[in-house]
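Contents: one structure, followed by commentary.
The values are calculated or read from the model by the stated rules, or taken from the named source; none is laboratory data. All values derive from a computational prediction rather than experimental measurement. Heads up, the Cβs are rebuilt from the backbone with ideal geometry, glycines too, and the neighbour counts pull from every protein chain shown. The area values use the complete protein model at the heavy-atom level, side chains included, leaving out ligands, DNA and RNA. Shrake-Rupley method; radii C 1.70, N 1.55, O 1.52, S 1.80 Å.
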Amino acid sequence: MKVSDLVFKEHPSKGFDTIATHTFPNGYGASIITGQDAYSSETAPYELAVLHNGKITYDTELTGDVLGYLTEEEVNEYLLKIEAL
């Protein structure tokens, strides 16, 4: 799974532009957002939250918070790590 495989939709909250989510067979997944209120910049436009059973989790070996200021390559790397949890 890569960012280019995801389907981004309009985010329902003001201040965010788009959102894409994906769940892996292990029950873990990712929510990836973009927009001015996301932890992002022009060169690192993605913010990623790890999901478990459809809800944000802050209790994984990858992170204890959302991951901001990510490039597409970094998001792709995190997607591989989430799939391997």
Considering only segment 4-55, how many residues are under 19 Å from residue 85 (Cβ atoms), among the hydroxyl-bearing types (Ser, Thr, Tyr) and either open to solvent by 70 Å² or more (accessible area, probe 1.4 Å) or in a loop (DSSP other than H, G, I, E, B) (or both)?
2
Report yes if residue 62 is open to solvent by less than 50 Å² (accessible area, probe 1.4 Å), outside any helix (DSSP H, G or I), closer than 18 Å to residue 4 by Cβ and without any contact (Cβ under 8 Å) to a residue 60 or more places away in the chain, otherwise no.
no
Residue pairs, Cβ under 8 Å, 6 or more apart or interchain, first in segment 68-80 and touching a residue at least 40 places away in the same chain (Cβ under 8 Å), second part of a helix (DSSP H, G or I). List them.
72/3; 72/4; 75/3; 76/3; 79/3
